Amino acid sequence: MLVNGVWQENWQPVQAKDDAGRFVRQTSQFRNWVTPDGSPGPTGSGGFRAEKGRYHLYVAYICPWASRTLAVRELKGLRDVIGVTVVNPRLSDQGWQFGGYPGADEDVLNGAHYMHELYTRADPEISGRATVPMLWDKRTGTIVNNESADIVRMLNSAFASILNLGPDLYPDDLATEIDVLNTTIYENLNNGVYQAGFASTQEAYVEAYNKVFKSLDELESRLADGRVYLFGDCLTETDVRLFVTLVRFDAAYHGLFKCNRNTLRDMPYLHRYLRRILALEGISNTVDLDHIKAGYYSIKALNPSGIVPAGPDRI
């Protein structure tokens, strides 16, 4: 936790909680946008023009929010346009750390040891958590954005004049429906599993648990008509948002987060849907089960022994 630019205490998983013991997620601090001409986006200020090689993503394979941005980077063919640094999956006492684990990168770009060092470079007086994903501007040496939903949208459209590949993940004719379903899935499932895992009262846990499985049951029914994706034959950002939670469900949320009514393998339509998304070109590059398990099971508040389960070892 940073307070006025100074690291204050060992990393803790629960950012905040309400009076009922519900887990409350931190609001992202950096909300600028990369746009085709550098004009301001829906939030923040302007000056961030889409250019090849200018921007860099900091991510963790453990993190579903970061993996959203990795998936869209792959789907839009932006690997040669935007670089990536992967942090150590195991949470240190100073939060996200660079290097020190197979598949984790050193911060060659900025030479930082911990993610929070980059946050204080961008804002020496910042208070809050140093999170991933984070989009960095190499030209100005600052953070553009650390809100995954924003980054997904800008990767979908901002770089079209440089490289126009892959599907439009937010088509105009589905925008309203996408926004509605995004909100439902976020509140009940994407964030719902965290509310179950990090609940500090039985009542808060049961409430979150029920939301998670109500959402999964509704999605299972939605896919039962044989549709390929959530909106039929059209792959959208909502599919990406759902996929990143599903792909972690059996490995982490079922056991560690106590979302254990059933595994995802017990839901045939959702499980087949998961495998369809995973089979899309580039998506398997964004999933590392070893990092996912090592990261989640390093959370001392939930797993003080630090023992990482042997399975599952595949999707």
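The values are calculated or read from the model by the stated rules, or taken from the named source; none is laboratory data. None of these values were measured; they are calculated from a predicted model. Here Cβ is always computed from backbone atoms with ideal geometry, including for glycine, and neighbour counts include all displayed protein chains. These area figures cover heavy atoms from the full protein model, side chains too; ligands, DNA and RNA do not enter into them. Shrake-Rupley method; radii C 1.70, N 1.55, O 1.52, S 1.80 Å.
Per-structure values
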{"item": "Condition check for Thr120: touching a residue at least 60 places away in the same chain (Cβ under 8 Å), in a helix (DSSP H, G or I) and surrounded by fewer than 24 Cβ atoms within 10 Å (Cβ to Cβ)", "result": "yes"}
{"item": "Region 123-158, residues that are open to solvent by 30 Å² or more (accessible area, probe 1.4 Å) and either in a helix (DSSP H, G or I) or within 20 Å of Tyr170 (Cα to Cα) (or both)", "result": "Glu147, Arg153, Ser157"}
{"item": "Pairs, first under 22 Å from Pro64 (Cβ atoms) in region 168-188, second open to solvent by 90 Å² or more (accessible area, probe 1.4 Å), C-beta under 7 Å, six or more apart", "result": "Asn188/Lys214"}
{"item": "Members of region 102-117 that are of a type in the set (A, V, I, L, M, F, W, C) and crowded, with 18+ Cβ neighbours inside 10 Å", "result": "Ala104, Ala112, Met115"}
{"item": "Tally of residues being open to solvent by 10 Å² or more (accessible area, probe 1.4 Å) and assigned to a helix (DSSP H, G or I) across region 159-181", "result": "9"}
{"item": "Candidates Thr69, Thr85, filtered to the one that is without any contact (Cβ under 8 Å) to a residue 60 or more places away in the chain, out of contact with any Gly (no Cβ under 7 Å at 6 or more places or on another chain), open to solvent by less than 30 Å² (accessible area, probe 1.4 Å) and of a type in the set (Ser, Thr, Tyr)", "result": "Thr85"}
{"item": "Meets criteria (small (Gly, Ala, Ser), touching a residue at least 24 places away in the same chain (Cβ under 8 Å) and part of a loop (DSSP other than H, G, I, E, B)) for Ala199", "result": "yes"}
{"item": "Among residues of region 43-78, those that are part of a loop (DSSP other than H, G, I, E, B) and under 20 Å from Arg241 (Cα atoms), counted", "result": "7"}
{"item": "Tabulated pairs, region 222-241, first more than 21 Å from Arg153 (Cβ to Cβ), second of a type in the set (Phe, Trp, Tyr) and surrounded by 24 or more Cβ atoms within 10 Å (Cβ to Cβ), C-beta under 6 angstrom, 6+ apart or interchain", "result": "Leu223/Tyr273"}
